[in-house]
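Asks: Sharing a structure here in structure tokens format.
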Amino acid sequence: MDIKANLQSVKNSFINPDCKLIAVSKTKPIEALKEAYEAGIRDFGENKVQEIQWKQPEMPEDTRWHMIGHLQSNKVKYIAPFVHLIHGVDSFKLLKEINKQGQKIDRVIPVLLQIYIAEEESKFGFDRVELTEMFATDEFKSLSHVEIKGLMGMATFTDNPNQIRKEFRGLKQLMEELKQMSLPSFMKLTEISMGMSGDYLIAQEEGTTMVRIGSSIFGAR
Ligand SMILES: *Cc1c(COP(=O)(O)O)cnc(C)c1O
């Protein structure tokens, strides 16, 4: 597996050269991450707390760790001190726990709200109603140790590009709608995280600001 060459060809294919690349290194050995680091990658995506925990001390200090998977509330404390961005915040309960852990260590933790955009039942995320309900609460408005930088979504697992495009477009549109609302200052809404190895070009066409790419860089899992 020539990680450097893979990275080169992924980057060369980008429609938007400013789009941030998160190298999804879950299940991969530390040597693979180091190879990507040497090729210039600083942003790594992992989906298991335990795995981030053991990999983090093995990598240089300026490595940025992205938690991209479903995160259980009781595990937030283990990554709170160093995580760069939590992509998969899929419930108010989890958001409140992240805020609480941030408070404990006096750190404002950057997060994305995961939005349910797929047709599958199995995917996590807020729907529009849940978002609106959360925004209306005083508890939400008084959050002090999270910064909501934007939205994250995963398209339906399908080979129909039209379906994927429709879902990504919906996420982007939701973001634009939210930007029109009067939101608390900890909601910045500058980032969208959508697109993986199979659909990152569609995501870029639909206006994503970061893509999460694993197998096209590190090989199949
Ligand atoms: C595994 C994973 C990815 C990367 O998937 P690839 O198809 O290997 O690029 C992206 N996002 C999330 C949330 C993942 O769990």
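Asks: Out of all the residues in the range 162-180, is one or more within 15 Å of the chain's Cα centre (by Cα), surrounded by 15 or more Cβ atoms within 10 Å (Cβ to Cβ), within 16 Å of the ligand (Cβ to nearest atom) and on the phi < 0 side of the Ramachandran plot?
Replies: yes
Each row is one residue, and each column tells you yes or no for (1) touching a Phe, Trp or Tyr at 6+ places or on another chain (Cβ under 9 Å); (2) outside any loop (DSSP other than H, G, I, E, B).
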position: Pro60; (1), (2): yes, no
position: His66; (1), (2): yes, yes
position: Leu71; (1), (2): no, no
position: Lys77; (1), (2): no, yes
position: Pro81; (1), (2): no, no
position: His87; (1), (2): no, yes
position: Ile98; (1), (2): no, yes
position: Lys104; (1), (2): no, yes
position: Leu113; (1), (2): yes, yes
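Asks: Can you name every residue in the range 59-88 that is closer than 25 Å to Leu21 by Cβ, free of Cβ contacts under 8 Å to residues at least 60 places away in the same chain and of a type in the set (A, V, I, L, M)?
Replies: In the first step, residues of the range 59-88 are kept if they are closer than 25 Å to Leu21 by Cβ; the result is 59-71, 79-88.
Filter once more, keeping what is free of Cβ contacts under 8 Å to residues at least 60 places away in the same chain: 59-65, 67, 69-71, 79-84, 86.
Listed by number, the residues that qualify are Met59, Met67, Leu71, Ile79, Ala80, Val83, Ile86.
Asks: When His145 is evaluated against the numbered criteria (1) within 25 Å of Lys26 (Cβ to Cβ); (2) more than 16 Å from the ligand (Cβ to nearest atom), which criterion, by number, is the only one it fails?
Replies: Every listed condition holds for His145 apart from (1).
Asks: Checking Gly45 against (1) of a type outside the set (Val, Ile, Thr); (2) in contact with a helix residue (DSSP H, G or I) (Cβ under 7 Å, 6 or more places away or on another chain); (3) in contact (Cβ under 8 Å) with a residue 40 or more places away in the chain, which test does it fail?
Replies: Condition (2) is where Gly45 drops out.
Asks: Name every residue in the range 96-152 that is of a type in the set (S, T, N, Q) and over 24 Å from Thr209 (Cα atoms), in order of residue number.
Replies: Here is the first cut: in the range 96-152, the residues of a type in the set (S, T, N, Q) are 99, 101, 103, 114, 122, 132, 137, 142, 144.
Those that are of a type in the set (S, T, N, Q) and over 24 Å from Thr209 (Cα atoms): Asn99, Gln101, Gln103, Ser122, Thr137, Ser142, Ser144.
Read-outs: derived from the displayed coordinates by stated rules, not from any lab. Since the model is a prediction, treat every value here as computed from it, not as a measurement. Heads up, the Cβs are rebuilt from the backbone with ideal geometry, glycines too, and the neighbour counts pull from every protein chain shown.
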